[in-house]
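**Student:** Sending over a structure as structure tokens; questions will come in a sec.
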Amino acid sequence: MAIIIEEEKKRGGFLMVLSWLILIVVVALAAYYVFFQNPDSIEIIIPPELEDTNDFLTIRKLDTQEIIQNPIFSSLQVFVNPSNEANISRSNPFLPL
């Protein structure tokens, strides 16, 4: 009795090559548009009342003492308890125990 061992015939050789070629082209186009394509710039038209930036020069400096002495700021309450600072790790974790 003879045992015949044959290799399995590969089907779709041309179809497989074509699908790989299409996949490579899609990935190459995606990489081009992501990394090399310059995006179109968006023009933003600034309203005329915001074009003059000299108004920003008239803003006064922030006075911290005025904020601290404000009665509304003084009436604020702390609702969060401060955490206890416990030593969670060793000073050098690479030293043997």
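**Student:** If we count GluC sites (Glu not before Pro) as exposed when they sit in a DSSP loop and have at most 15 other beta carbons within 10 Å, what is the longest stretch of the chain that avoids them all? Intermediate results must be reported in sequence, preceding the final value.
**Tutor:** Working: sites that count: Glu6, Glu7, Glu8, Glu43, Glu85.
By the stated rule (loop sites, at most 15 other Cβ atoms within 10 Å), 44-84.
**Student:** For the chain, what class follows from the C-alpha gyration tensor (a ≥ b ≥ c being the square roots of its eigenvalues): rounded when a/c is under 1.5, otherwise prolate if a/b is larger than b/c, else oblate? Please list the in-between numbers first.
**Tutor:** Working: a/c = 4.90, a/b = 1.72, b/c = 2.86.
Oblate is the answer for the chain, as a/c is 1.5 or above yet b/c matches or exceeds a/b.
**Student:** List the longest stretch of the chain that has no exposed loop site; here a site is one of the chymotrypsin sites (Phe, Trp or Tyr not before Pro) assigned by DSSP to anything other than H, G, I, E or B, with at most 15 other Cβ within 10 Å. Write down the numbers at each step before the final one.
**Tutor:** Details: sites that count: Phe36, Phe79, Phe94.
Counting at most 15 other Cβ atoms within 10 Å as exposed, the longest clean stretch of the chain is 37-78.
**Student:** Now a separate question. What is the angle, in °, between the Cα long axis of helix 13-35 and the longest principal axis of the Cα atoms in the chain? Nearest 10 is fine, range 0 to 90.
**Tutor:** So the inclination is approximately 20 degrees.
Values quoted throughout were computed directly from the atomic coordinates according to the rules given, and no laboratory measurement underlies them. Values in this document were obtained by computation on a predicted structure and should not be read as measured data. Neighbour counts are summed over all protein chains in view; Cβ atoms, including those assigned to glycine, are modelled from backbone coordinates with ideal geometry.
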